[in-house]
Amino acid sequence: MTPDERIEPRAQATEPGASPSSTSTHPFQSKALPFHRKLYDILTWTPPRCRWDPKKPPQFSMSMNVLFAFAGGFTVANLYYNHPILNVLAHDFGVEYERVSQIPTVMQAGYAAGLLFLCPLGDLVRRRAFVVGLVGFTATLWLGLCLTNNLGVFTAISFIVAITTVTPQLMLPLVGDLAPPHRRAAALSIVVSGLMLGILIARVLSGTITNFVSWRYVYWMAFALQSTIFILLWLFMPDYPRTNKGEDSLNYFQLLWTIVKMLGHHPVLVQACITGFFTSATFTSFWTTLTFLLAGSPYHYNSLTIGLFGLIGIAAMCFGPLYARLVIDKFVPHASVLFGLACCLVGICLGTYIGPFSIAGPILQAFLLDFGMQTAQIANRSAIYAIEPKRRNGVNTAFMVATFCGQLVGTAAGSHVYARGGWIASGSASVGFIGCAIVTMCARGPWEKRWVGWEGGWSMVKKNKMSADGLTHEVAHHTQGSVEKESSDEEGAIEKALKEVAAKQGNDEPLRERCEIEKERDKGSEKSMKSSAECEIQRTKI
């Protein structure tokens, strides 16, 4: 047997449509293959319990939900380990602080590039292989950050690592695919809470560890976490067929163009993007200027105390999944977005106008802003994931690009306004941002099909309890084939039973009744004429 003959059966067995029993070749068994092929087979090998079986699609369990939250949280944490230790990095590399301060900016630019150019690939390729490959690549490249003594190399690797750190934004649309529509918000909230926890822990751990030992221990810890995530995903993440296939499949550049086209076709997506832009702007503006307030008069807190303010987000994070399960999944997402924005507005007002005199203001703002933003973001995701089930990665890309742009605007605007007018001026700008978000949500109701208006009423109760947005009836695209087959089998069984009854009775009444029902249902259509002809043939035979 030649090497090519060994490769071909394995390639066929790993196709999404293959049954679990058909994949029997183990990647470690063949010794004649080149090293790079062996490595590829090891990375793409799928454990039997995770292989795709169209007859038994993977069930989205709580353990899988927690795994996605853990993986997403400690992957996005890669972007934030350097924030509290920039001064230490400058001293260790022997450069000016201004040169090191470019690292967070470079990583944010890399993350933006990954959002725009890598995330749409989630609709083009199999998610398991793509996600596991990105995590493995990130973990391998992270070694360079642990070992290099050159700032230029460190900055370049940071940029590349940030590009591949978009795996959480590939997991969220996958959660939208796997979770039942009426439980989607609760499942998304667990993953989003994991992301928030990862951002929080990254800053706290990095600052704390660097106070006692070298900053390189922080990066070695991050390497260990990335390696652990890679192993867990390789062992437990289920395989999943790509959504962009068949006659309607698109190439990569067409996928990118469809993201732009979506914004012209779906008002709910544009509404969510605008809301996400303004909400994220208030979030980053607050956390950027909070340091200036607490470090100055009348508080004069040190950096460790200021860093501990991030722990307030844990309380908001814990309330998120509970609220999503009890409220967002029960009512239309529009109601929860408005509620989340109202929490943000109250928190900003309290923090802005009480903050200069009492520490209670910033504390309340930190809690209400974190909770409100998380609530609005989860509700918006739950709504937009219902519009194009086969293009959820593209939908998520549009939403995240808008959110990321809001973060950049909030950081720049917050710092600029604070420098000119102080804490109250920057807080007042945030009130304006959140006011624009509320106006956007109030301009269009939950049942409105057009761009502006409240046609369909003011009710916030779901018309379809089993849907995510309250109206759209969703069937997971990976089960559509089996659903259609079951429907076809059921129709065939009914037809067979009617024929048997008609033959026993010696008349065609049962068939006539069925034909009349079908003609009434499909009146005037081509299907009706075809159905009538088939019925006449069946009655003639009997």
Looking across region 415-467 at residues that are open to solvent by 60 Å² or more (accessible area, probe 1.4 Å) and farther than 29 Å from Ala185 by Cβ, the single one that is modelled with the highest pLDDT is Ile424
All conditions in (1) closer than 30 Å to Pro298 by Cβ; (2) out of contact with any helix residue (DSSP H, G or I) (no Cβ under 6 Å at 6 or more places or on another chain) are true of Gln377 except (1)
Restricted to region 314-370 and to residues being polar (S, T, N, Q) and in a helix (DSSP H, G or I), the residue surrounded by the fewest Cβ atoms within 10 Å (Cβ to Cβ) is Thr352
Scanning region 177-217 residue by residue, the ones that are open to solvent by 50 Å² or more (accessible area, probe 1.4 Å) and within 24 Å of the chain's Cα centre (by Cα) total 5
Of (1) modelled with pLDDT under 85; (2) open to solvent by 40 Å² or more (accessible area, probe 1.4 Å), Gly470 satisfies every one except (2)
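Conditions tested, residue by residue: (1) among the aromatic types (Phe, Trp, Tyr); (2) open to solvent by 40 Å² or more (accessible area, probe 1.4 Å); (3) part of a loop (DSSP other than H, G, I, E, B).
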| position | (1), (2), (3) |
| --- | --- |
| Tyr219 | yes, no, no |
| Phe223 | yes, yes, no |
| Phe230 | yes, yes, no |
| Arg242 | no, yes, yes |
| Ile259 | no, no, no |
For region 24-78, the count of residues that are modelled with pLDDT of 85 or more and open to solvent by less than 40 Å² (accessible area, probe 1.4 Å) equals 13
Only one of (1) under 25 Å from Phe117 (Cβ atoms); (2) in a helix (DSSP H, G or I) does not apply to Ile387, and that is (2)
Determine if region 13-22 includes at least one residue that is open to solvent by 20 Å² or more (accessible area, probe 1.4 Å), of a type outside the set (Gly, Ala, Ser), modelled with pLDDT of 85 or more and not in a helix (DSSP H, G or I). no
When restricted to Val395, Val409, the only residue surrounded by fewer than 24 Cβ atoms within 10 Å (Cβ to Cβ), of a type in the set (A, V, I, L, M) and part of a helix (DSSP H, G or I) is Val409
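The values are calculated or read from the model by the stated rules, or taken from the named source; none is laboratory data. From a predicted model like this one, the values you see are computed outputs, not experimental measurements. Note: ideal-geometry Cβ built from the backbone for every residue, glycine included; neighbour counts use all protein chains shown. These accessible areas exclude ligands, DNA and RNA; they are computed on the full protein's heavy atoms, side chains included. Shrake-Rupley method; radii C 1.70, N 1.55, O 1.52, S 1.80 Å.
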